[in-house]
1. If you go through the stretch 93-112 one residue at a time, do you hit one that is surrounded by 21 or more Cβ atoms within 10 Å (Cβ to Cβ) and over 19 Å from Arg157 (Cβ atoms)?
2. Name every residue in the stretch 23-57 that is closer than 16 Å to Met153 by Cα, part of a helix (DSSP H, G or I) and not hydrophobic (A, V, I, L, M, F, W, C), in order of residue number.
3. Test Ala52 against the criterion of being open to solvent by less than 70 Å² (accessible area, probe 1.4 Å) and modelled with pLDDT of 95 or more, and give yes or no.
4. Filter the stretch 35-56 down to residues that are closer than 22 Å to Tyr164 by Cα and not small (Gly, Ala, Ser), then give me how many there are.
5. Report, by residue number, each residue of the stretch 170-209 that is under 30 Å from Lys91 (Cβ atoms) and among the charged types (D, E, K, R).
6. Name the single residue, out of those in the stretch 165-189 being out of contact with any Leu (no Cβ under 8 Å at 6 or more places or on another chain) and not hydrophobic (A, V, I, L, M, F, W, C), that is most open to solvent (accessible area, probe 1.4 Å).
7. What number of residues within the stretch 119-137 are hydrophobic (A, V, I, L, M, F, W, C) and open to solvent by 20 Å² or more (accessible area, probe 1.4 Å)?
8. Consider Val82 against the criteria (1) among the β-branched types (Val, Ile, Thr); (2) surrounded by 18 or more Cβ atoms within 10 Å (Cβ to Cβ); (3) modelled with pLDDT of 95 or more: it satisfies all of them except one. Which criterion is unmet?
Amino acid sequence: MTGIHPGFRPLFDGSGIDGGLYTDITRDAQRAPWLLNDTVATWSAFGLALFAALMLTGWWRARRSDSPMMARALATPLVVAVVYGVDVVLKSLVREERPCRSLPGSFTLEACPAPHDWSFPSNHAVIAFAAATALWLVDRRLGAVAVTAAVAMAASRVWVGVHYPHDVAAGALMGIALAVPLTVGATRATPWVERAREGRLRPFLLTAA
């Protein structure tokens, strides 16, 4: 037997929500200058590395901040990991087919993801907005950069043709909604940070002075 197990078939077709908008956007991409498309495609593929760099910078800058802020900075990667884990579970439950598979003749700037690599919500948008939200709660300047980058990341995923607009919108809302309480809750680790700042980890954590 060569058929796909029913449990792994798509459950949800999002084309009825904003398939027309997706088609309009990807048609614009098809007519856009190659330099713009190459830039967007490169950002879409590798831009998440910027958020890792921003989280590292957030930790470094928090070395001069108070212990609650350092606790948030240290928790930022964990917050992103937890939110991503929730996203993976949700994707497996919704099982929305990618627009580049659901809509015949779709134009994409990168290869359409393999079957069973579900579309809703967008992993990239979830990660980007979770990181941006956590960073905003640590350092407003870094947060502003991260928010701008997150918007660009979400938009790029539609532009390259691998997500519907509602996929990235849901990913953004999910990233924000989960990252806020998780990051704020990380301040509970403040006593641990204060103790660590008095021990061998002090060079990595320093003090609030």
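The values are calculated or read from the model by the stated rules, or taken from the named source; none is laboratory data. Source: prediction; values computed, not measured. With ideal geometry, Cβ positions are generated from the backbone for all residues, glycine too; neighbour counts draw on all protein chains shown. For the accessible areas, the whole protein counts, side chains as well, though only heavy atoms, and no ligand, DNA or RNA atoms are used. Shrake-Rupley method; radii C 1.70, N 1.55, O 1.52, S 1.80 Å.
1. No; the residues of the stretch 93-112 include none that is surrounded by 21 or more Cβ atoms within 10 Å (Cβ to Cβ) and over 19 Å from Arg157 (Cβ atoms).
2. Matches in the stretch 23-57: Thr26, Asn37, Asp38, Thr39, Thr42, Ser44.
3. Spelling it out, Ala52 is indeed open to solvent by less than 70 Å² (accessible area, probe 1.4 Å) and modelled with pLDDT of 95 or more.
4. The qualifying residues number 9.
5. Passing the criteria: only Arg188.
6. Among residues in the stretch 165-189 that are out of contact with any Leu (no Cβ under 8 Å at 6 or more places or on another chain) and not hydrophobic (A, V, I, L, M, F, W, C), the one most open to solvent (accessible area, probe 1.4 Å) is Arg188.
7. Residues that pass the stated criteria total 5.
8. Unmet condition: (2).
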